[in-house]
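Structure record follows, encoded as structure tokens.
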Amino acid sequence: MRIFDADRQEWVGHEQEQRIAGLHDRDAVRQGKALRGAVSVLAVCGLAFGVWALGWKDEPRPTGYLTVLEQPTESGSAGVEGDTAAPSPAGVPPAPYEEVRDEEGYRLAVPRGWIRDLVEPAEGYNVVNYRSPDGHRRLQVYRVGETSGYDSLRTWLDETRMPGGFDQLAPLERTDDEGRPAARLEYVADEFKGEPDIGRWYVIDHRFEAVDGELYALAVYGSDADGRDDEQELMETALAWFCPPDESCPAPG
């Protein structure tokens, strides 16, 4: 009896059938082993993938860095109408002033950018001037030879030829600077020799005893047309920061 071998596509006899059956049994065993091996490989791959997936899930994600520019607060924003200047740090003059150690030995607070000059008279003490770049404002400092600030100003009023258009704004005033004697004179004038023509000048002349027991004068000059607050501020700031030569003075609080 012959049978048809579907794998080989031919008819075979009994002996050949037995040989083919043996081959089929062998192939079935091999296929089973191969199948089990494939399943094992797939299982290992699946386990490896699961471990990798879990590990990837637990890895830290990339970190993005965002730089945030700090916005100025309202009180310190520049260019906003109605803002007030931030307070100056302790030991630093208020803006726009800067501390100056003058060549004559004085410590002063002077607006930034002002120009210094020195007048050396034939008699008396040197006079230091700090002027605004346009020459319309001036801070002056020098030693005083009289016995008191009041006597010095009284002598100036009595013996000095007054500048053109001089007009004393108030009686000569005695004051105290932290318990030390002082005096102040305020006046206006139309002109000063060698100074620019800016119209009417406003002047504050303050003469006082400093911490070294010596007398000094601080005087400020500016246009009367734009008000007097700026000259008064200039005087108060210069006076607060004034320190005579060879002395160590604490900075104003």
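The values are calculated or read from the model by the stated rules, or taken from the named source; none is laboratory data. What you see is a predicted model; the values in this text were computed from it and never measured. No Cβ is skipped: glycine too gets one built from the backbone with ideal geometry, and neighbour counts run over all protein chains shown. Surface areas here come from the heavy atoms of the whole protein model, side chains and all, with no ligands, DNA or RNA. Shrake-Rupley method; radii C 1.70, N 1.55, O 1.52, S 1.80 Å.
Give the long-range amide H neighbours of VAL144: residues separated by 5 or more places, or on another chain, with amide H under 5 Å away, using H modelled in the peptide plane at 1.01 Å from N. So VAL144 has HN proximity to LEU215, TYR216, ALA217. The three principal axes of the Cα atoms in the stretch 94-253 give end-to-end lengths of 40, 35, 32 Å, sorted in falling order. If you plug the beta carbon distance of LEU172 and ASP229 into 1/(1 + (r/R0)^6) with R0 = 22 Å, you get a FRET efficiency near 0.50. Sorting TRP156, TRP241 by solvent-accessible area of protein heavy atoms yields TRP156, TRP241, largest first, with a 1.4 Å probe.
When all alpha carbon pairs of the stretch 196-253 are counted in 10 Å bins from zero, the resulting P(r) reads 21, 43, 25, 11 %.
Solvent-accessible area per residue in the stretch 102-253 equals 51 Å², computed with a 1.4 angstrom probe and all protein chains kept.
Here the stretch 97-192 is treated as a Stokes sphere of Kirkwood radius computed over C-alpha pairs; at 4 °C and 1.567 mPa s its diffusion coefficient rounds to 84 µm²/s.
For the peptides 167-173, 107-113, 137-143, residues were scored by their other Cβ atoms within 10 Å and the scores averaged per peptide; the highest-first order is 137-143, 107-113, 167-173. Taking amide hydrogens as placed 1.01 Å from N in the peptide plane, the amide H of TYR125 sits under 5 Å from that of no residue at least 5 positions away in sequence or on another chain.
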